Structures are given as structure tokens and as C-alpha cells.
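Reading through the C-alpha cells given below for one structure.
Every read-out reported here was derived from the displayed coordinates using simple, explicitly stated rules and does not represent laboratory data. The structure presented is a predicted model; accordingly, all values stated were derived computationally and were not measured. Note: ideal-geometry Cβ built from the backbone for every residue, glycine included; neighbour counts use all protein chains shown.
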Amino acid sequence: MKTPDPDDMQEDLESGPLKQTGFTSKLQREIEQAIDRKERAKPRIKPYLVIAGIGAVTAIMLLYPWNAIHTRSEALTAMEAPIPIEAQSASFVAPAAINTALLIGLRTDHESTDSSRAVNPIRFSTYRTMLIAPVRGKLQKTSEGDGILMPYKQNFWKIDSLVARTKTDEIHYLSAHLADQPVKAETFADDPNEKLNHVETLRFVGNQYLSIDESEEAWVGSTPYQAERTWVRTLPQLKEGHTMHLYNKPADKNHVSLTDLYDSSINGVLSNMRLSLRSASAAPAAASAASTPAADQVGELAGESWAIERAPGRWVGKVAVTSGADAGTPERYDLRDLPRDLPDKVVNHDELCCSWGDIKANWPNASDALTSPMNDMIVIFEGGKLKFYSYGQAPNSAPELTLDLQQGEQLVMAQWATDHYVQEWIDKVDRYLPGNANHD
């Protein structure tokens, strides 16, 4: 039925008195039908569509791989803002697969039982390097060998601790060479009127910088002499040669000073350290008017002699306070904390996934720890062992790999490979470290 025409309605109204009060039943029905058609013409959300939409959303919530998204986002977040271990355990889903390789260098100190050549028994060190990497989804030690194998620019270099002996001297020195070339032993002049023990020791190996201690014990004629020094050198500086007979060479220019590393901004830090040391030295004698000036009681602190040392979970800088040797007094140094973080170019990657307090809370017996740059591997030094865990793995679960440390063995290097470099390192390091390894 079509909508009533208003002119027809007007004609009906004017034709005479209404037979009924109000609208006629016919007119009412036509108006109601017109209104009903307009209502039906409005867009409506049908109930079965609403139910279907809710069902689809519910299916997405239940079936979509939110776990995978959570794992990926957690890994990305870890790279930007590490998550405390206790938070990981609380929201534990599944440990991340390890895709990173670790080239680790270790040092073991020894003491010679032969004291015939010097004032005291000589102390020296030996080194070993291991590569730990994933092979077909399983973490394992792929290579191991003597000495320190380090990445430097586009190549691998080897640092060996060699011994040169003469009738009167014993010299333990560090030799650096390209890893694919043979090591060349050096010769040292022998003075028959002198008995000399000289030792060079690695404290730290980065991918460019090295921290090296030197110690020397000698009889010069009938006079005993002892000296200890510490320097930070680059790999090329180590190759340039060795400083022997320290008593004839009070300074060694072949090193990296703190000013070289930080520029002149470090001078204010060193000045404050000197003032603090002088104040501490003068305090016990402050009441004595005849006391020696404090400045005379403090050795040199110029930032030329310094060291890189391992602290739990990180590398730290140490400034040497040196003192000259008087007759019968050894030339020594004391190390003081450098109140600045070491720059990335020195330590490369040196960050934990969490705080050292978090590590100790989960591994109470840990003495040190390392975390990979991708936060997919945590290495715990515990009870003479190296324990390797994947990121997100519960601390009380079995490690993915456990290796024994030698008695008193210390960390001197931790270098990481990621992405395609992992397989490249596995192949190259296997050629350069042909020692014992766990090959499958």
C-alpha cells in the first residue's frame, strides 16, 4: 500500500461531518503502515551477526599465537631495558634458543719452585681460550687451545706467553701474531753480571686494548732490585716490543694513558683523586706541626699507569699510584678505583641482563657472570665451574652446558659473536685452536 496523498485526505475531511471522532480506522492503518515501512528501512545490526562477531573475536583471542609475540617482544625489551630475573621466573613461558657464541679467555697463575735465578720464586701465568657455540641446536665447546685468541679488526690474533732462558735470566713475555701465522720466539741479550727474572701478565684482553702487568726481580752486581708496573696497551703497541731492565727505564711511552682514552676531561677526576689521597695521608699527622708534607707521602697519580680489572659482573678501571724505588725498596704501585665507567671501545660488550644483586639472589654461590649481547645466554662462574643457561631458563634448572675451571683460573677475555659471525667463528677458531673440544 502506498502512502496516502495529503490532497485526498483533505478532500475526505472537507466532504462533511465525520462519522467518527478522530481518525478513521482506514486512515490510522495507512499512517501506521507508512511509519512501519520507515522503521524497517533504518539499518539494523541483526542479532545473529552480533553473535557471529563475538565468536570470531573470541576465536582470535584463543587461537592467535600470543606466546610467540610475547617471546619476541620480551627479547626486544631485554635488549633495551633488562628484566630482573625474578620477574622472568614469575612470567616464565619458555627459554629462548641460544644463537650466540662466546670466545672466552682464561688465566692460571703459577709459582716456580726454582729460586736460584732471582730474589724470590718467580710467578708466571698460562692461558687458554675456548669457543662455546650452538651446533645443531645444542650448546657445546667447539674449540679449545693454549694462549689467547682474540678478534682484532677483520682477523684473529694469537697472544702466547713464551719463555726465554739464558744462563742467568728467565723471561716470560707476551708474543702477538696473526693467528694463521707461526709464532716467532724472541732473543734477549744476556748480561753475565746480572741475574734477571722478568714476567709479563695479561689482566684483560678486549678487541683492541690489553691490560698488562710487568714484574721484575734482579741482582745487579751484588744489589737486589724489584719493580712492578702496569700498563694498558693496544695490540700494535704490544707488538712493538718489550720493556726490559726496568731499573734503567723509569717510564715506558708505549702505552695508552687515561688522557688518550678520555681526553683532557679526565684531568679533573685525577686531580680530585690526588687531593683525596693527600688528605687521607695527612690526616693521621694533622696534629703534628713538624709532620712531613702530605704531598711528599703520595706517589705519582698521573693517569699514565692504570689497569683494567675484573669485578663481579663487569670490567672496571683502576688507577695506579706509583712510588719510585729507593735503595733496597721495591718499586711498586697501588691500584685505586677509577670513578668513571670504561668506554665501549675498551670493553666492547660488558652488560648483564640484570643487576649483580639479582644474580646473587638466584645463584648465591656465583663469583662472576656474563650475559650475551642478545640476552640469549647467561654464564655463571660458580664453584670452579662455568654454567651456561639460556635467557629465561629457571635458575634452579640444569644448565645447558657445564665446563670445569682449573684451580684459581680467572677471566681475562669475553668476546661475543652473533648472526652469521657465529658459524664463521666456529670454522676459523677450530683452525686456530686445534686442541681438545667436544665435537659431535
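Full extension of the chain between Leu405 and His245 yields a length gain of 54.1 nm, computed as 0.36 nm times the residue separation minus the alpha carbon distance.
Fewest neighbouring Cβ atoms within 10 Å first, the residues Ile266, Ile148 line up as Ile266, Ile148. Put simply, the amide H of Glu170, placed in the peptide plane, has neighbours under 5 Å in Leu196, Asn197, His198, leaving out anything fewer than 5 places away on its chain.
For the range 140-245, a crude dipole built from +1 on the beta carbon of Lys and Arg and -1 on the beta carbon of Asp and Glu, taken about the Cα centre, is about 440 debye to the nearest 20. In this label model, Asp213 and Thr259 are separated by 2.8 nm, measuring between points 7 Å along each Cα→Cβ vector. Exposure proxy shown here: for Glu111, Glu144, Glu217, the number of other Cβ atoms within 10 Å sets the order, fewest to most, as Glu111, Glu144, Glu217.
Extension gain, Lys360-Arg123: 0.36 nm per intervening residue step, less the Cα-Cα distance, totals 82.1 nm. Reducing the range 388-439 and the range 223-260 to their Cα centroids gives an inter-centroid distance of 33 Å.
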